[in-house]
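Undergrad: Below is a structure I'd like to ask you about.
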Amino acid sequence: MESLKTRIEALTQEIKATVPATKEELEAYRIKFLGTKGLVKEVLAGMKEVPADQKKEAGQLLNAFKLLAEGHYESFSHLQENSTAGMQLADLSLPGADRPPGTRHPLRIVENKIVEIFEKLGFGVAEGPEIEDDWHNFTSLNMPADHTARDMQDTFYVAQNPDWLLRTHTSSVQARVLEEGKLPVRVICPGRVYRNETISARAHCFFHQCEGLYIDENVSFADLKQTLYAFVTEMFGEHTRVRFRPSYFPFTEPSAEMDISCTVCGGSGCSLCKHTGWVEILGCGMVHPDLLRNFDIDPEKYSGFAFGMGVERITQIRYQVNDLRLYSQNDVRFLKQFRANA
Ligand code: DAH
């Protein structure tokens, strides 16, 4: 037992004094102490000679020694990596790491498509401010202060000035365009609008619309129907059917809502069309003569039509998106699905 102790002490000193500087020196240490015929194995074999009553103490000594020898080796493991021998150089001819391209937002894809179709029909694009005043959003469009139609649109007002609000519809851009006084007018006005609605799958406090306005001499309801029919067949396919239902908007007379045959079931009934075969896509009508007068345009000489559609609605129909919240959650898993259409 005493000789075992002395031997372990001597070897411990030797291990501590061994400071390998290269991978090769480290390997020499490993072979000498930790190899199958190395000194650690040899010392461990000495256990056989230890008398039974001292085996416990000897076992602890030997175990500590073995751990020390192994730990010493580990503490130089960085030498293995530092060696260039056998190291694989990067293949510089490989193509670089791919950076995934961004995708267009589905609402932008649809808005671009709407604009593209109407541009082909001779419409230009007009824009207006999102913070509007009462005149452009309501009063000039035949909605004076006490008009009940204002209740249809829960408005966000700007606290500093009760005359200012976040526009509730892109119809306000009609007013902006008409006050410029240039005729004829043939524009579409895409943009964001705001309403004080509780956010849910079917409602949001901001969304997007696209307004259309055409004013010239001799514009008739037939022109309105033909223009919107051309739009719908371009947007949803040539077999799409349309129907107009009488409706009411303060800024048009007569007014209508336009439905298209359901693009999902083709008319036989499904959840998109609520089993009616038809889906509503926009409001429209002949521009009210009072509105023309508000902008010093002679209704005896000029007439026109207007329409307004929800971009989210068109996107929902095109891509079967059933929750409005998805558009503003910025979830890549949703957004990347539209890559192919960008
Ligand atoms: N501004 C209407 C809305 O937000 C949509 C609309 C309907 C616009 C009829 C029009 C129109 O220009 O003629 O619900």
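No value in this document is a laboratory result; all are computed from the given coordinates. Since the model is a prediction, treat every value here as computed from it, not as a measurement. Reconstructed Cβ throughout: ideal geometry from the backbone, glycine too, with neighbour counts over all protein chains shown.
Undergrad: Going by alpha carbons, how many degrees (0 to 90, nearest 10) lie between the helix axis of 221-236 and the longest principal axis of the chain?
TA: 20
Undergrad: So what's the projected area for the chain, the Cα convex hull averaged over all directions, in nm²?
TA: Across all orientations, the chain yields a mean hull projection of 35.1 nm².
Undergrad: For the chain, which cysteines have no second Cys with its Cβ under 4.7 Å from theirs?
TA: Among the cysteines of the chain, those whose Cβ sits 4.7 Å or more from every other are Cys189, Cys205, Cys210, Cys284.
Undergrad: Further question: Using the alpha-carbon centroid of each, what span in Å lies between the range 255-281 and the range 172-194?
TA: When both Cα centres are located, 29 Å separates them.
Undergrad: Right, here's the next one. So for the chain, averaging the separation of alpha carbon pairs under 8 Å that are six or more residues apart and normalising by length, what relative contact order in percent results?
TA: With pairs under 8 Å counted, the relative contact order is 15 percent.
Undergrad: Moving to a separate point now. How high is the relative contact order of the range 152-245, given as a whole-number percent (alpha carbon pairs under 8 Å, six or more residues apart)?
TA: 23
Undergrad: Within 13 Å, Cβ to Cβ, of Gln337, how many net charges do the neighbouring residues add up to if Lys/Arg are +1 and Asp/Glu are -1?
TA: Spelling it out: positives minus negatives among the neighbours equals +4.
Undergrad: List the GluC sites (Glu not before Pro) within the range 161-249 that fall in a DSSP loop (any state other than H, G, I, E or B) and whose Cβ has at most 16 other Cβ atoms within 10 Å.
TA: Hits after loop and neighbour filter: Glu179, Glu180, Glu197, Glu217, Glu238.
Undergrad: Taking amide H positions as placed in the peptide plane 1.01 Å from N, state which residues far from Val193 in sequence (5 or more) or on other chains have amide H under 5 Å from it.
TA: It is Phe207, His208, Gln209, by chain and number.
Undergrad: Would you list Val177, Val321 from fewest to most Cβ contacts within 10 Å?
TA: Val321, Val177
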